[in-house]
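One structure below.
The values are calculated or read from the model by the stated rules, or taken from the named source; none is laboratory data. None of the values given here were measured: they were computed from a predicted structure. Neighbour counts run over all protein chains shown; Cβ positions are idealised from the backbone, glycine included.
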Amino acid sequence: MKPLARATKKTMKDRLGEAGFKVRPCDACAKLILDVVTDAGKRQVLDISAPVYALGQSVTKEGVTPLAVRATGVFVSHFATCTDPNRFSGKP
């Protein structure tokens with residue numbers, strides 16, 4: 001799967017919409033979310049604005065330093081970022 005290219009003027013919502021994905025506001029917190037179906041055939045809701053980082057290392061003459069780089073085209077489950085996730089889980 002090809003990652004979505006980073007653009008300077010278009011928002012993530014615009015790029016996802018142009019790629020055919022459905023972006024809508026969450027019914028509980030109004031953040032923009034992305035409805036998808038996983039490769040296992042299950043429905044998943046993703047947060048399009050939560051930052052995701054790839055971990056690595058920077059190696060220099062002075063030594064090795066841990067490094068975190070903002071990943072693009074990678075999303076986190078909205079249930080981890082929603083301010084009211086229990087509204088959808090059936091929990092009080």
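For this structure, a couple of remarks:
- Reported count of residues in region 24-83, each being closer than 22 Å to ASP14 by Cα, among the basic types (Lys, Arg) and assigned to a loop (DSSP other than H, G, I, E, B), is 1.
- In region 29-51, the residues that are of a type in the set (A, V, I, L, M, F, W, C) and modelled with pLDDT of 90 or more: CYS29, ALA30, LEU32, ILE33, LEU34, VAL36, VAL37, ALA40, VAL45, LEU46
- Restricting region 32-59 to residues that are touching a helix residue (DSSP H, G or I) at 6+ places or on another chain (Cβ under 8 Å) and of a type in the set (A, V, I, L, M, F, W, C), the residue that is surrounded by the most Cβ atoms within 10 Å (Cβ to Cβ): ILE33
- Members of region 61-83 found to be out of contact with any Ser or Thr (no Cβ under 6 Å at 6 or more places or on another chain) and hydrophobic (A, V, I, L, M, F, W, C), listed by number: VAL64, ALA68, VAL69, ALA71, VAL74, PHE75, VAL76, PHE79, ALA80, CYS82
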